Amino acid sequence: MLGKLIKYEFKATSKFILMIFGLLLALSTMMSVSLAFNLDEIIAGISQEFQVGGLILGVVAFLIIMLFVVLNVAAICGMFFYAISRFKRNLLGDEGYLMHTLPVKTRDNILSKSIVSVIWTIVSFFVVGLAYFILLIGISETDIFKDLAYAISHINWGDAEVIDVVMEKIIVLIEFGLSILTSIIAMYFQIYASMSIGFSSNTHRVAKSIGIYVIIEFIKGMANAVVTGPLFLFGIGGVSIITNPHVAICGGILINLIYAAVLYFVTHHFLSKKLNLL
């Protein structure tokens, strides 16, 4: 059943999200092409000859840049708000009467929402990064792909020390990626837990959800200080966190997973035992 819910959630969210991604990449490509052909210089030349035409083109260029910024924000921040609105509408709003009467476990409802939201959020980071990379191609005066291939081909792969350095960087990148992933998971469960608690009330549900989110964030900050403070001072088993980034990153991943697990159980408890759809 979880697989079917995930499939339905992707189908329900893909139209809006893919539209935002498509617009962002299309606009980025258009801007990159215009920069590659020096259209900014053409606009400047037109401005000197025809002030009105140059002004119009300048306004259009400004609006395009603003639209690019807005689409960047929509691709990342908008994803969070869209995920929150779907959780509220499907599980805490009027649709909740249907969702909670279906032969579906509360666990599956929560996990389907969180899995799809996390995946779309990760994809949004990659899409925004791709959009800036496309833009960089238009700005760069050299061939980025050739430069990258040249740099990789001139690495001395036979040198053990070089291989160790490269592997070290790769491991750090993987750990950093896992840290971001677990942070996103913990963030969504914190949002879901706050909303589940807030909407168990009869009045001021949104305000209470926001207040509970702030309280959870405060408690999390205090817990972080209590747990990580001594570790930074004394290390783990004689290994200093300050001098060993792997220990610090892996510790952060573990803490994020613990937070996510606790907040998942809080969300599950309130959705299954305390939910108030009045």
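Kindly check whether there is at least one residue in segment 38-54 that is at pLDDT 80 or above and either farther than 20 Å from S14 by Cβ or among the aliphatic types (A, V, I, L, M) (or both). No, segment 38-54 contains no residue that is at pLDDT 80 or above and either farther than 20 Å from S14 by Cβ or among the aliphatic types (A, V, I, L, M) (or both). Being at pLDDT 85 or above and farther than 16 Å from I258 by Cα is the filter here, so list the residues in segment 199-217 that pass it. Correct list: A207, K208, S209, I210, G211, I212, Y213, V214, I215.
The values are calculated or read from the model by the stated rules, or taken from the named source; none is laboratory data. If you're wondering where the values come from, they're calculated on a predicted model, not measured in any experiment. Reconstructed Cβ throughout: ideal geometry from the backbone, glycine too, with neighbour counts over all protein chains shown.
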